[in-house]
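To keep things clear, I will list the structure first and then write my remarks on it.
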Amino acid sequence: MEGVAEILLHENELPTRVAALAGEIADAHPDRDRGITIVTVLSGSIVFLADLLRQLPLKTRLGLIHVSSYAGRNRVARGPTLIGTSLPDLHDQDVLIVDDILETGGTLRLVQSAVADAGPRAVRTAVLLRKPCRRDPEPTVDFVGFEIEDVFVVGYGLDYNGWYRNLPYVAALRAGPLGHGMCG
Ligand code: 5GP
Ligand code: MG
């Protein structure tokens, strides 16, 4: 595919790891009847979420929170902005926040604070990917799919300027300076 420099996570290893992650999440929620409310961060988490949801042996409902991190074509972050929410009542609920990737931590700090304001019983967080960034303060993350290097990645839900979300693998966008992420 044009622009894609290198596949980092192949099509066959993603669902396998996601299924294992679902097992870890289920183990952390032994009361199967109580159920969990997933709050998923749009739009990058949708493919991860779709695979995760179908592997979770828990009573689950879904809330959406839409956060924009990157300003369109320009990959210099503006800082995350809350665009909208569609959430059930989170009061006294066991919440699992699901996001695609943890980079500077700004997105998760914003989402975790919005969820905390709703008075949940417990909040846990799952991310598919984590980059080696210095994060201050470090958001609490309970479940991580893969640790990756500090490169800008696309595919399996992650986009560049809205494109590439449909790629069934995770790939570095392209080699050279543009390929570097925000951590360095
Ligand atoms: P943070 O707020 O932790 O710096 O960044 C998290 C958000 O930025 C993610 O939810 C994702 O939307 C976006 N992001 C961070 N790194 C990447 C990347 O390498 N590729 C893509 N497509 N999005 C990223
Ligand atoms: Mg995101």
(request) Within the stretch 150-171, count every residue that is surrounded by fewer than 16 Cβ atoms within 10 Å (Cβ to Cβ) and assigned to a loop (DSSP other than H, G, I, E, B). (result) 5
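Out of curiosity, is residue 67 under 21 Å from residue 170 (Cβ atoms) and either in contact with a Gly (Cβ under 9 Å, 6 or more places away or on another chain) or within 16 Å of ligand 1 (Cβ to nearest atom) (or both)?
Numbers: under 21 Å from residue 170 (Cβ atoms): yes; either in contact with a Gly (Cβ under 9 Å, 6 or more places away or on another chain) or within 16 Å of ligand 1 (Cβ to nearest atom) (or both): yes.
Yes.
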(request) For residue 128, indicate whether it is under 26 Å from residue 59 (Cβ atoms) and assigned to a loop (DSSP other than H, G, I, E, B). (result) no
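For the stretch 1-14, give me each residue that is of a type outside the set (Gly, Ala, Ser), in contact (Cβ under 8 Å) with a residue 40 or more places away in the chain and surrounded by fewer than 21 Cβ atoms within 10 Å (Cβ to Cβ).
1, 4, 6, 7, 8, 9, 10, 11
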(message) Out of 14, 52, 102, 42, I need the residue that is touching a Phe, Trp or Tyr at 6+ places or on another chain (Cβ under 7 Å) and at pLDDT 95 or above. Which one?
(response) 14
(request) Scan (1) farther than 24 Å from residue 155 by Cβ; (2) away from ligand 1 (no atom under 16 Å from the Cβ); (3) without any contact (Cβ under 8 Å) to a residue 12 or more places away in the chain for the single condition residue 54 breaks and write down its number. (result) (1)
(request) Output yes when any residue across the stretch 136-145 is within 15 Å of the chain's Cα centre (by Cα), surrounded by 19 or more Cβ atoms within 10 Å (Cβ to Cβ), touching a residue at least 40 places away in the same chain (Cβ under 8 Å) and within 12 Å of ligand 1 (Cβ to nearest atom), and no when none is. (result) no
(message) Anything in the stretch 115-134 that is under 26 Å from residue 29 (Cβ atoms), out of contact with any Leu (no Cβ under 6 Å at 6 or more places or on another chain) and within 11 Å of ligand 1 (Cβ to nearest atom)? List them, or say none.
(response) 128, 129
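Starting from residues that are in a helix (DSSP H, G or I) and acidic (Asp, Glu), keep the ones in the stretch 21-74 and report whichever is surrounded by the most Cβ atoms within 10 Å (Cβ to Cβ). Before you say what the answer is, go through the steps one by one.
Taking the stretch 21-74 as the starting set, the residues that turn out to be in a helix (DSSP H, G or I) are 21-27, 46-53.
If we keep only those that are acidic (Asp, Glu) too, we end up with 24, 27, 51.
On the way: 24: 12, 27: 8, 51: 18.
The residue in question is 51.
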(message) Any residue in the stretch 31-48 that is touching a residue at least 40 places away in the same chain (Cβ under 8 Å) and under 14 Å from residue 14 (Cβ atoms) sitting within a Cβ distance under 7 Å of a residue that is more than 9 Å from ligand 1 (Cβ to nearest atom) and in a helix (DSSP H, G or I)? List the pairs, counting only those 6 or more apart or interchain.
(response) 48/18
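The values are calculated or read from the model by the stated rules, or taken from the named source; none is laboratory data. Nothing here was measured: the structure is a model prediction, and the numbers come from that model. Note: ideal-geometry Cβ built from the backbone for every residue, glycine included; neighbour counts use all protein chains shown.
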